[in-house]
Amino acid sequence: MKFTEMPYSRPDVQALMAKYRELKDKFVAAKSAQEQIDIYKEVETAEFDFYTSECMVYIRNSVNVNDEFYKAERAFFDEWMPKVSQVSQEFSLAMLNSPFLPELKEELGAHFFSGMEAGLKTFNSSVIDLMAEESALCNEYQALTGSAKLELDGKVLNLSQLTPYTVSPDREMRKAATEVLGKFFDDHREEFDTIYDKLVKNRHQQALKLGFKNYAELIYLKKNRPYTMEDVAKFRKQVLEVMVPKNVEYKKQQAEAIGVGDDFKFYDDGFAFPDGNPKPKCTIDESIKLAQQMYSELSEETKELWDLMVEHDMFDIAAKPGKRPGGYCATLFNTGMPFIFANGNGTAGDIKTLTHEAGHALAALTGHKNIKYKALSHACAVGAETHSMGMEFLTSPWHHLFFGEDTAKYQESHTKDALFFIPYGVIVDYFQELVYTNPDWTPDERNAAWLELEHQFRPYLDFGDLPAFSRGAGWQKQLHIYTIPFYYIEYSLAQTLALQIYSLFLQDRDAAWKKYMKFLKVGGTMNIVDTIEYAGLTSPFSENSLGKVCEPVWNVVDNLKK
């Protein structure tokens, strides 16, 4: 059955909550560890339909933010998810208080229970209303960005459809497109500022109610991170000292290559080649068929994945009016089937996104098939993004299917973009750390902080007098800052791990694939520090690690350019 044909009905939340409580009572009365394990399996089964329905609503609302039915259903889940979490937490508490806890830990793993303990410390009934409000504000942001109607080149475009114009070979067009983008955020300045101001204050109140100093402190525990803000600060320092100088060098080369010299502006940043950036030589529909050939040849695992996704049409990857920006992979819990959402617009980013989300999709299906418990089948964010970013590089022998004579250009720009991205990811994370440790900042103070970080980590950018960007509001187009706070450092950490896999791949494809799959199959059974060690990769937090990662990649870039 195709995804568009899959039936949806609103789940009976009251019945699910009653089932949780019934199973909790049975669990407490159980006379053995095995009996409790069997009851926990019943809990996961009871959750399948609820979370599958929630996922379907999320996808269908993303595809068309103007669909009133799924807009209402999204509001329903926003209201009830915190209440379901509260009842689920009651079961978690019973598990942690079990007299058979050692046996349960042996079955489910210590990482599972550390996450459960973190969950109990970072959620209780006092924040339910705040969480519902937070979800509503996130939806408001996505509806606002999804409503964009930008006039350029005689057309009316949404944010995703504007992207090709921002990398046009015509410099005046690049500038005009960037001005149109900035003007949208200027025109809606009060709305964007108000939504974020409410989100910051909401999240700060959640932290205070739960006994934390601020939201930054809360979110580190909520994400059950085995690393600290101090570890991230050390990583940032390496990025600033090791990567930024080399990136500045690359950007000077780019400025010379495209003929702008010392006049390199923000709107030139994405334009890398004087004869134009590489573009796919295929339509968006054709890219799925070409990917089927690629994944049939890459491995048995990827062949099975793509064949299933094509059979059930688990894609919506073309930009269109009313669609929220961005891309993601979501998983239908009851089948383990992944769905890829994207906003293809005819740029090289279409193929990058497709291969990126395919990495998430492979992890989802593999975890569903091979890991006994649903709660352990999904990796933490750093692990998940390593799956996806690693897949972007592991598919490089097939990039010619999509890019033809532009293949070398794509591989050069894709590798460089990975190097440029890491400092940007650091900016996004550092900005949020500053914002949430200073929750009373005004919008202007936040913008000033963003500009200062841009000057540190991307000193080659000149924003001139561009709308929005010149006043430091460029961060407002980054969905994650509004809707998935503190997620972005995971991208930067994962990129360093993916680059390690790529370096090995250049020497030994089979060895790289085996290491990648070893990392991927861990799922959520270990924390990320243990997973990195288990897979034989170098931790991004270890001293001088970034230089060791970057050196072979810099050599690759230099060779590709030649």
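Of note:
- The set of residues from the stretch 245-262 being of a type in the set (D, E, K, R) and either touching a residue at least 24 places away in the same chain (Cβ under 8 Å) or open to solvent by less than 20 Å² (accessible area, probe 1.4 Å) (or both) comprises Lys246, Lys251, Lys252.
- Any hit, the stretch 311-325, residues being touching a residue at least 24 places away in the same chain (Cβ under 8 Å), under 30 Å from Met116 (Cβ atoms) and open to solvent by 30 Å² or more (accessible area, probe 1.4 Å): no
- For Gln206, the criteria (1) within 16 Å of Gly119 (Cα to Cα); (2) polar (S, T, N, Q); (3) within 21 Å of the chain's Cα centre (by Cα) hold in every case but one, which is (3).
- One residue from Leu199, Leu144 being touching a Cys at 6+ places or on another chain (Cβ under 8 Å), hydrophobic (A, V, I, L, M, F, W, C), touching a residue at least 40 places away in the same chain (Cβ under 8 Å) and open to solvent by less than 70 Å² (accessible area, probe 1.4 Å): Leu199
- Any hit, the stretch 472-492, residues being farther than 24 Å from Glu385 by Cα, out of contact with any strand residue (DSSP E or B) (no Cβ under 9 Å at 6 or more places or on another chain) and not polar (S, T, N, Q): yes
- Whichever residue in the stretch 290-308 is open to solvent by 10 Å² or more (accessible area, probe 1.4 Å) and among the aliphatic types (A, V, I, L, M) and, among such residues, is nearest to Lys514 (Cα to Cα): Leu298
- When Ala379, Ala330 are checked against the criterion of being open to solvent by less than 20 Å² (accessible area, probe 1.4 Å) and either within 30 Å of Asn64 (Cα to Cα) or not β-branched (Val, Ile, Thr) (or both), Ala330 stands alone in meeting it.
- When Ser396, Ser388, Ser413 are checked against the criterion of being surrounded by 22 or more Cβ atoms within 10 Å (Cβ to Cβ) and over 14 Å from the mean Cα position of the chain (by Cα), Ser413 stands alone in meeting it.
- Residues of the stretch 274-316 satisfying the condition of being among the basic types (Lys, Arg) and either within 30 Å of Val65 (Cβ to Cβ) or not in a helix (DSSP H, G or I) (or both): Lys279, Lys281, Lys289
- Looking at Val232, Val242, just one residue is open to solvent by 20 Å² or more (accessible area, probe 1.4 Å), farther than 30 Å from Glu311 by Cα and not in a loop (DSSP other than H, G, I, E, B), and that residue is Val242.
- Filtering the stretch 424-440 to residues that are without any contact (Cβ under 8 Å) to a residue 60 or more places away in the chain and assigned to a loop (DSSP other than H, G, I, E, B) leaves Asn438, Asp440.
- Checklist (1) touching a Lys or Arg at 6+ places or on another chain (Cβ under 9 Å); (2) open to solvent by 40 Å² or more (accessible area, probe 1.4 Å) applied to Leu479, failing item: (2)
- Residues in the stretch 522-553 that are crowded, with 18+ Cβ neighbours inside 10 Å and part of a helix (DSSP H, G or I): Ile528, Thr531, Ile532, Ala535, Ser545, Leu546, Val549, Cys550, Val553.
- Single residue of the stretch 511-551 satisfying the filter (at pLDDT below 95 and of a type in the set (Asp, Glu)) that is farthest from Ala381 (Cα to Cα): Glu551
- Note on the stretch 212-226: among residues that are under 16 Å from Gln432 (Cβ atoms) and not in a helix (DSSP H, G or I), the one that is least open to solvent (accessible area, probe 1.4 Å) is Asn214.
- Entry remark, the stretch 120-165: residues being of a type in the set (A, V, I, L, M, F, W, C) and over 17 Å from Ala176 (Cβ atoms) number 12 in total.
- Residues that are part of a loop (DSSP other than H, G, I, E, B) and either closer than 20 Å to Gln293 by Cα or touching a His at 6+ places or on another chain (Cβ under 9 Å) (or both) within the stretch 327-338 comprise Gly327, Phe333, Thr335, Gly336, listed in sequence order.
- Scanning the stretch 454-473 for residues that are assigned to a helix (DSSP H, G or I) and under 20 Å from Arg189 (Cβ atoms) yields Glu454, Phe469, Ser470, Arg471.
- Per-region count, the stretch 361-375, residues crowded, with 23+ Cβ neighbours inside 10 Å and either in contact with a Pro (Cβ under 9 Å, 6 or more places away or on another chain) or more than 17 Å from Tyr516 (Cβ to Cβ) (or both): 4
Residues are listed down the side, and each one gets a yes or a no for (1) of a type in the set (A, V, I, L, M, F, W, C); (2) within 28 Å of Leu376 (Cβ to Cβ):
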site: Tyr40; (1), (2): no, yes
site: Phe50; (1), (2): yes, yes
site: Cys55; (1), (2): yes, yes
site: Ser62; (1), (2): no, yes
site: Asn66; (1), (2): no, no
site: Lys71; (1), (2): no, no
site: Phe77; (1), (2): yes, yes
site: Trp80; (1), (2): yes, yes
site: Gln86; (1), (2): no, yes
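- The residues of the stretch 115-145 that are hydroxyl-bearing (Ser, Thr, Tyr) and over 23 Å from the mean Cα position of the chain (by Cα), listed by number, are Ser125, Ser126.
The values are calculated or read from the model by the stated rules, or taken from the named source; none is laboratory data. These numbers come from a predicted model, not from an experiment. Counting neighbours? That spans all protein chains shown, and the Cβs are built from the backbone with ideal geometry, glycine included. Each accessible area value is taken on the protein alone, full model and side chains, heavy atoms only, with ligands, DNA and RNA left out. Shrake-Rupley method; radii C 1.70, N 1.55, O 1.52, S 1.80 Å.
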